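So the structure is just underneath, and the comments pick up after that.
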Amino acid sequence: MTAGASEPSYICACFYTDNIFLEEYQLHVRFTDVQQFTRDYERALQNRGCHGAEKFAHVLEMVRKELQRRMMLAEESKRRKAEISIHYKPLHPEVYILQESIFTEEFLEAVHYCESPSASLEGLLNHLHSIPGKRIYCFPVFVPQFCSDFIEELENFEKSQLEKGRPNTMNNYGVLLNELGLDESFITPLREKYLRPLASILYPDWGGGCLDNHKAFVVQYSVDKDLDLSCHYDNSEVTLNVSLGKEFTDGNLYFSDMREVPSNERRYIEVEHTIGHGILHRGQQVHGALPITSGERWNLIIWMRASVIRNKLCPMCNREPQLVETVGEGDGFTVMKKENGEETVAVCTLI
């Protein structure tokens, strides 16, 4: 389950310094002080069109504003969630409770296979479409009626006057599902009962059977909003990306190698994203979304975390995590508890 009120939740300290996305220059940066930032990024920014002291000062101001926003993010999200729970009236209350009727038969068959004693990777691949050499898997997840109702619910919320949080610095349009009240009754049981069995067989080396936390959100693309998504990796061990609709053209996803592969050695492959279908991949796999050329698309994204993996190495800074206590859900890190003077942590067997 996600971290609750009874246990502290944590983020890595790098959240306040690293992975700041400068959209104008399509660059992720790190900021600890002006001297470090200038040394590390002045030339790269100049090569991308940031010429002159005034433009550089503007970039610094944008970075400082983003870090200030992050410092307040958890408290602001908690406040918004409380206000939404009081003032927002759902259009489709039924979509807030996970029901097996929303799933396709193919998806349920794959999950039920994973729960059988004889389940194996080779057998599971008969139920999924696998992208050769990439460990990316595609399969139908939701029936069309659920996709339609869910989008209508999200559009209804967007029309409300309530303040809304946005998924991250790379997506300007979308909805944080925990703030809308979908975590406990929808996303958590989806992760625990349906997605973890799949991930346990597909990604045992990435904590697939130990997924104990998540961040879920919906992003929106349209010709008058965000068109695409730049190359990046996720703050997750395993990610599910489901296309909900509506009608759109182009906008395929593209995937490369894992983040540690140098950028000049990466090889990319396009993957078509069909409405109702999900794409499951490792979070540290570099990927992005090509521009849509018409219409509107909504995607459900679930970043699934395994504390047994990220407690050893933060996926965002690639260092041993320096934990900072926060309010809300945190980023899936846990603190080892001491028993008889020795540190212990919940163990999940990695196959």
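We did not get these values from a lab; they are worked out from the coordinates using the rules stated. Source: prediction; values computed, not measured. Note that we place each Cβ from the backbone using ideal geometry, even for glycine, and neighbour counts take in every protein chain shown.
Hey, what's the Kirkwood Rh for the stretch 265-329 if you take every pair of different alpha carbons, in angstrom?
One decimal place: 15.4 Å for the Kirkwood radius.
I need the per residue convex hull volume for the stretch 204-283, using only the alpha carbons, in cubic angstrom as a whole number.
Per residue, the Cα convex hull of the stretch 204-283 comes to 120 Å³.
What longest region of the chain stays clear of GluC sites (Glu not before Pro) that DSSP places outside H, G, I, E and B and that have at most 11 other Cβ atoms within 10 Å?
In the chain, the maximal stretch lacking such sites is 1-114.
Counting each pair of different Cα atoms once, what's the Kirkwood radius of the chain in Å, rounded to one decimal?
21.4 Å
Along the principal axes of its C-alpha atoms, what lengths does the stretch 120-160 span, in descending order and rounded to whole Å?
Over the stretch 120-160, Cα extents along the principal axes are 47, 19, 13 Å.
Summarise the long-distance tail of P(r) for the stretch 112-250 by giving the % of C-alpha pairs beyond 28 Å.
25 percent
Which length gain, in nm to one decimal place, applies between S130 and D33 when the Cα-Cα distance is subtracted from 0.36 nm times their residue separation?
That works out to 30.5 nm of additional length.
Could you give the alpha-carbon Rg of the stretch 21-64 over 2.2 N^0.38 Å, rounded to two decimals?
0.99
Need the full-extension length gain, R48 to V324, defined as separation in residues times 0.36 nm minus the C-alpha distance. One decimal, nm.
96.0 nm
Note the direction-averaged projected area, equal to a quarter of the hull surface, for the Cα convex hull of the stretch 1-122, in nm².
Mean projected area of the Cα convex hull: 14.4 nm².
Once amide H atoms are built 1.01 Å from N in the peptide plane, which residues 5 or more positions from L27, or in another chain, come under 5 Å H to H?
L22
Could you order the peptides 137-147, 207-217 from most to least packed, using the average number of other C-beta atoms within 10 Å per residue?
Top to bottom by mean Cβ count within 10 Å: 207-217, 137-147.
Taking every alpha carbon pair in the stretch 71-160, what does the distance histogram look like in 10 angstrom bins from 0, in percent?
13, 29, 25, 23, 10
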